[in-house]
Each structure stands twice: as structure tokens, then as C-alpha cells.
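> Below: one structure in C-alpha cells.
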Amino acid sequence: MKKIIAFGASSSKTSINKQLAIYTANQFKNIAIEVLDLNDYEMPIFSVDKEKESGIPQLAHDFFSKIGSADLLVISFAEHNGAYSAAFKNIFDWSSRINAKTFQEKPTLLLSTSPGPRGGSSVLEIVKNRFPFQGALVKGSFSLPSFHQNFEAEKGIINEEYKNQLDEIINAIEF
């Protein structure tokens with residue numbers, strides 16, 4: 001059985017991006033899903049000095065290994081001041097020291113959402129442009145605006161237009 005690794009690129013315990021990533025992963029059929037929590041990969045702030053002193057933390061190796069175990073990555077990005085969350089960026093920085101192709105040529109679906117009408121579109125543009133250089137095979141991207149008006153925990157995406165957009169992207173992904 002194929003495996004999806006899904007996570008919200010946020011350390012919030014109530015992350016709306018984690019909710020979107022889990023919902024999206026569950027739209028694929030006959031798939032094993034493993035959900036990662038960035039809080040399980042908390043490490044010192046990356047610096048070359050810390051790397052020289054202590055090496056790459058085991059948690060970075062563990063995260064890199066999880067990415068390697070996936071047949072598809074489903075990642076939903078929180079937007080903090082127009083970019084990735086510091087929690088994700090730190091894990092990404094440490095993992096990239098293992099291999100600059102952090103995403104190991106894995107098919108990847110990039111998502112974002114926010115409470116506001118832009119749905120994290122600034123961070124989504126950043127990752128769509130950056131991640132191919134880091135070894136992600138970007139198969140699609142989707143931004144859900146105004147999360148609290150368009151998503152319910154029990155139902156998922158409740159706005160038919162957005163639900164149909166995501167369904168089309170999912171149906172086009174082969175891995």
C-alpha cells in the first residue's frame with residue numbers, strides 16, 4: 001500500500017494547516033497516512049556553529065527519514081509574516097544539511113490556508129518556487145481562503161467551489 005506523509009508546517013497545537021493537510025490526505029483512496037507533528041522535531045535554532053559543535057541533531061535525521069518513507073507528501077503551510085513558520089524553517093534548515101534535496105524527489109502536494117481571504121497565498125508562492133530546488137516533485141498546489149468560513153472539522157471543505165478545485169487537483173495526481 002502506498003503511503004502519504006502529511007503535516008501542517010506549523011507548531012500550533014490547533015493548526016488549521018494541519019487540519020487541511022489531514023483532510024486532503026484522506027481524500028486519496030487506498031492509502032496509508034502518517035501525520036507528522038512539527039512539535040516532535042523541535043531542535044536548537046540552526047547555525048553552522050551549532051552544527052560544528054554537536055553535529056546534525058537526530059531529530060533532523062528522523063524527519064528526513066520520514067520524508068524518505070513517503071510515496072506522496074501533503075504539506076500545508078502556515079503563513080507567518082508572508083513566509084514559512086519559524087518551526088518549519090528550522091526543521092527544513094537542519095534537514096537540508098543531511099541532503100540539499102530534502103524532499104528526496106518525492107511527489108508533493110503543496111497547500112496553504114489562513115483565516116484571511118488570501119489563504120496563505122504568499123507562502124504558497126514561495127514554496128512552489130523554492131521546493132523543486134530542494135527535491136520536491138510538485139504535483140499540485142491549493143490555497144483555501146477564509147478557513148473558518150470554508151472548512152468544518154466534521155465535514156472538511158464546505159464551499160463546493162473550493163472542494164471541487166481540490167478534488168480536481170487530487171484526481172490529477174499520480175504517484
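Please treat every number below as a calculation from the coordinates, not as lab data. No experiment lies behind these values; they were computed from the predicted model shown. Here Cβ is always computed from backbone atoms with ideal geometry, including for glycine, and neighbour counts include all displayed protein chains.
> Residue farthest toward the positive end of the dipole of region 2-172, with Cβ of Lys/Arg at +1 and Asp/Glu at -1: which of TYR162, GLY116, ALA60?
Of the listed residues, the answer is ALA60.
> Right, next: How much length, in nm to one decimal, is gained on full extension between ASP62 and ALA83, taken as 0.36 nm per residue of separation minus their Cα-Cα distance? Don't jump to the answer; show the numbers that get you there.
Details: separation 21, 0.36 × 21 = 7.56 nm, distance 2.43 nm.
Taking ASP62 through ALA83 to full extension adds about 5.1 nm, to one decimal.
> Right, next: Quick one: what are the phi-derived ³J(HN,Hα) couplings along region 19-27, Karplus 6.51/-1.76/1.60 with θ = phi - 60°, whole Hz, x for glycine and proline?
Those phi angles translate into 4, 5, 5, 5, 4, 5, 4, 6, 7 Hz.
> Which residues in region 59-75 have a backbone N closer than 16 Å to a point placed 7 Å from the Cα of PHE175 along the Cα-to-Cβ line?
64-75
> Could you give the angle, 0 to 90 degrees to the nearest 10, between helix 58-68's Cα long axis and the longest principal axis of the Cα atoms of the chain?
Result, in degrees: 40.
> Provide, in order from the shortest bin, the percent of all Cα-Cα pairs of region 93-132 in each 5 Å bin, continuing until the bin that contains the maximum pair distance.
Histogramming region 93-132 at 5 Å steps yields 6, 20, 23, 20, 17, 8, 5, 1 percent.
> Any chance you could run the full-extension gain for LYS101 through LYS52? It's 0.36 nm times the residue separation minus the Cα-Cα distance, nm to one decimal. Each step should come with its number before you reach the end.
Details: separation 49, 0.36 × 49 = 17.64 nm, distance 2.09 nm.
Gain in length upon complete extension: 15.5 nm.
> Net charge around SER112, counting only other residues with Cβ within less than 13 Å of its Cβ (Lys, Arg = +1; Asp, Glu = -1)?
+1
> Going by amide H atoms built from the backbone, whose H comes under 5 Å of the H on HIS80, apart from near neighbours?
Amide H neighbours of HIS80: SER85.
> Suppose every K and R has +1 on its Cβ and every D and E has -1 on its Cβ; what is the size of the dipole of region 58-116 about the Cα centre, in Debye to the nearest 20? Present the calculation step by step, with values, prior to reporting the outcome.
Numbers: 5 positive and 5 negative charges, 21 e Å.
Using Cβ point charges on Lys, Arg, Asp and Glu, region 58-116 gives about 100 debye.
> Quick one: divide the alpha-carbon radius of gyration of region 2-172 by 2.2 N^0.38 Å and tell me what you get.
Values: Rg = 15.5 Å, N = 171, 2.2 N^0.38 = 15.5 Å.
Against the empirical 2.2 N^0.38 Å value, I get 1.00 for region 2-172.
> Sticking with this one: For the chain, what is the calculated [θ] at 222 nm in deg cm²/dmol (nearest 500), taking -39500 (n - 2.57) for each run of four or more DSSP H residues and dividing by its residue count? Walk me through the numbers on the way to the answer.
Values: 7 runs with 66 residues, N = 175.
Helices in the chain give a 222 nm mean residue ellipticity of -11000 deg cm²/dmol.
> If each residue's Cβ is checked for other Cβ atoms within 10 Å, how do THR113, THR24, THR108 rank with the fewest at the top? Don't jump to the answer; show the numbers that get you there.
Working: THR113 31, THR24 23, THR108 26.
The fewest-first ordering by Cβ neighbours comes to THR24, THR108, THR113.
> Another one. Using the Cα centre as the reference, give the magnitude of the dipole from point charges on the C-beta atoms of the chain (Lys, Arg: +1; Asp, Glu: -1; all else neutral), rounded to the nearest 20 debye.
Working: 18 positive and 20 negative charges, 47 e Å.
Here the size comes out at about 220 debye.
> Output the pairs from LYS2/LYS89; LYS89/LYS139; LYS29/LYS128; LYS139/LYS163; LYS29/LYS106; LYS18/LYS101 with a Cα-Cα distance over 20 Å in this structure; if there are none, say none. List each step's numbers first, then the result.
On the way: LYS2/LYS89 27 Å; LYS89/LYS139 22 Å; LYS29/LYS128 25 Å; LYS139/LYS163 18 Å; LYS29/LYS106 18 Å; LYS18/LYS101 23 Å.
Table pairs above 20 Å Cα-Cα are LYS2/LYS89; LYS89/LYS139; LYS29/LYS128; LYS18/LYS101.
> Could I ask something else about it? Hey, what angle do you get for helix 160-172 against the long axis of the chain, alpha-carbon based, 0 to 90 degrees rounded to 10?
60 degrees
> While we're on this one: Quick one: divide the alpha-carbon radius of gyration of region 41-106 by 2.2 N^0.38 Å and tell me what you get. List each step's numbers first, then the result.
Numbers: Rg = 12.2 Å, N = 66, 2.2 N^0.38 = 10.8 Å.
For region 41-106, the normalised Cα radius of gyration is 1.13.
> When only C-alpha pairs under 8 Å and at least 6 residues apart count, what is the relative contact order of region 1-157, in percent? Intermediate values should be presented prior to the final figure.
Values: 318 pairs, mean separation 37.9, N = 157.
Normalised by residue count, the contact order of region 1-157 is 24 percent.
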